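Heads up, the thing below is written out as structure tokens.
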Amino acid sequence: MSEHRKSHLFYQTRHRRPVLDQARGVYMWDVEGKRYLDGSSGAMVCNIGHSNPRVLEAMRRQMEKSTFGYRLHFETEAAEQLAAKTAELAPDGMERAFFTSGGSEAVESAIKLARQYAVARGDSMRWKVISRFPSYHGATLGALAVTGYSPMTVPFEAMMRPMPKIPAPRAYLDGLDPEDIATGRHYAAMLEQKILEEGPETILAFLVEPIGGASTGALVPPAGYMQAVREICDRYGVLLIHDEVMSGGGRTGKFFAAEHWNVAPDILVVSKGFAAGYAPLGAMAARDEIVDAVLDAGGFIHGYTYAGNPLACAAGLAVIEEIESEDLMANATRMGNLLKQRLEGLKQRFDFVGDVRGVGLLLAFELVSDRVTMKPLQRELMAYDRLVEMAYQRGLIIYSRRTRGGYDGDHFMVCPPVIATETHVEEIMENLTAALE
Ligand code: PMP
């Protein structure tokens with residue numbers, strides 16, 4: 001029997017991985033007792049680390065009361081409290097939240113809310129959602145239609161309506177002049193051009209990750225980009241949707257990454273760090289005017305059975321309380337600065353370490369064959385697989401993704417939980433350096 005047939009599970013890959021036994025704080029242990037430092041918080045999920053006592057206690061208390069109440073039959077205190085907290089953290093004028101069980105559902109919900117709002121306003125010609133490539137917004141067919149990553153989307157194109165895409169601002173690749181980079185004008189202009197090309201009366205929304213996640217490797221936009229994008233959306237009556245599934249939740253030093261530029265979207269979604277791996281949970285919040293218009297027109301059409309269940313909401317609330325009471329966003333900034341500086345240091349030692357980027361503890365580095373052109377390493381070197389494997393052997397987990405508009409570059413997310421200390425940063429660097437060697 002081939003290797004992948006030995007398990008009754010099937011996921012994307014046929015490689016077997018260690019069997020997880022326990023996890024505490026930033027560490028995880030397999031059933032053989034080997035310890036791993038969770039250097040990517042899973043897939044940038046477990047932001048406050050594993051087995052946090054406050055969260056476990058909140059979940060235990062909720063479990064003893066009730067674990068499920070169907071949302072059309074009951075309201076729950078946990079969901080109400082988490083919605084109030086979400087409204088407090090979201091930009092002004094977003095007083096209500098809608099919960100889902102994950103990021104793809106939250107993205108789908110945002111698109112559907114935007115569409116229902118357009119229909120409610122008698123603007124039903126607007127249906128196209130412009131997004132970017134590379135990008136990842138989820139695996140369900142609606143979220144996939146706005147995902148800019150062809151290996152994942154092409155097989156399903158016949159089953160969905162692919163949406164217009166513009167390039168994500170990768171100035172480090174495109175060799176732009178410094179003024180363009182500072183203003184973000186070059187890339188924002190592509191949005192305007194796309195809107196005009198497609199016909200502004202058909203454009204529903206622009207969907208963007210304020211700081212890129214795994215698809216771009218922690219891509220930080222040029223300084224003026226988010227602001228310019230906001231202005232263009234306003235000019236053409238296009239809704240701005242922020243996908244903060246990965247960048248939200250405090251990892252960048254702010255609860256929502258867009259706060260770094262003081263830009264408020266019309267609709268935002270968050271998931272991974274929101275319940276930080278303790279429960280499947282996502283959320284969507286929108287400007288009150290949008291929510292009111294949709295509710296007045298008969299309500300939001302779709303929901304998800306498990307969404308907003310009291311156990312997930314209790315977990316989410318406790319996660320946010322932990323972030324606030326322990327000042328973990330400040331720690332994300334402090335440890336992020338230290339880790340980024342140490343990653344930059346790898347460039348001196350290894351000429352194949354290219355761009356190092358990110359904010360707070362949403363960080364990534366690239367492997368390149370030429371630092372000037374940023375050309376990726378030769379495929380045949382299999383550097384991607386080898387680096388992940390070497391790090392694994394040394395007990396360090398890093399998140400890797402072959403990407404670059406696709407699939408021809410290698411970048412690695414280094415995103416430990418935001419409870420990380422200097423000792424953990426040093427342990428990451430020691431094992432990473434050894435693996436790169
Ligand atoms: N949007 C972004 C930016 C993501 O990173 C992800 C997950 N990697 C998703 C959406 C989809 O989330 P989920 O896997 O929870 O459905």
### Query
Looking at Ala87, Ala43, Ala79, Ala58, which one is assigned to a helix (DSSP H, G or I), closer than 18 Å to Ile241 by Cα and in contact (Cβ under 8 Å) with a residue 60 or more places away in the chain?
Ala87
### Task
Inspect all residues belonging to segment 75-83 and state whether any of them is within 16 Å of the ligand (Cβ to nearest atom), modelled with pLDDT of 95 or more, in the same structural domain as Leu207 (by TED's automatic domain parsing) and out of contact with any Pro (no Cβ under 6 Å at 6 or more places or on another chain).
no
#### Entry: Residue that is farthest from the ligand (Cβ to nearest atom) [pool: residues in segment 186-205 that are buried (at least 17 other Cβ atoms within 10 Å of the Cβ) and of a type in the set (D, E, K, R)]
Glu192
### Summary
Across (1) among the acidic types (Asp, Glu); (2) under 25 Å from Leu281 (Cα atoms); (3) in contact (Cβ under 8 Å) with a residue 24 or more places away in the chain, Asp327 clears everything bar (3)
### Residues located in segment 135-147, provided they are under 14 Å from the mean Cα position of the chain (by Cα) and more than 7 Å from the ligand (Cβ to nearest atom)
Ser135, Thr147
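Yes/no per residue for (1) touching a Phe, Trp or Tyr at 6+ places or on another chain (Cβ under 9 Å); (2) in a loop (DSSP other than H, G, I, E, B); (3) crowded, with 24+ Cβ neighbours inside 10 Å:
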residue	(1), (2), (3)
Glu64	no, no, no
Leu72	no, yes, no
Gly93	no, yes, no
Val119	no, no, no
Met125	no, yes, no
Val129	yes, no, yes
### Task
Would you check if there is a residue in segment 135-144 being in contact with a strand residue (DSSP E or B) (Cβ under 7 Å, 6 or more places away or on another chain) and of a type in the set (Phe, Trp, Tyr)?
no
### Task
Scan segment 39-50 for residues that are more than 16 Å from the ligand (Cβ to nearest atom) and either touching a strand residue (DSSP E or B) at 6+ places or on another chain (Cβ under 8 Å) or farther than 21 Å from Met329 by Cβ (or both) and jot them down.
Gly39, Gly49, His50
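A quick yes/no check of all residues on (1) crowded, with 17+ Cβ neighbours inside 10 Å; (2) closer than 29 Å to Gly336 by Cβ; (3) away from the ligand (no atom under 16 Å from the Cβ); (4) hydroxyl-bearing (Ser, Thr, Tyr):
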{"residue": "Lys6", "(1), (2), (3), (4)": "no, no, yes, no"}
{"residue": "Leu20", "(1), (2), (3), (4)": "no, yes, yes, no"}
{"residue": "Lys34", "(1), (2), (3), (4)": "no, yes, yes, no"}
{"residue": "Asn52", "(1), (2), (3), (4)": "yes, yes, yes, no"}
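The values are calculated or read from the model by the stated rules, or taken from the named source; none is laboratory data. As the structure is a computational prediction, the values presented were derived from the model and not from experiment. As a convention, Cβ positions derive from the backbone with ideal geometry for all residues, glycine included, and neighbour counts pool all protein chains shown.
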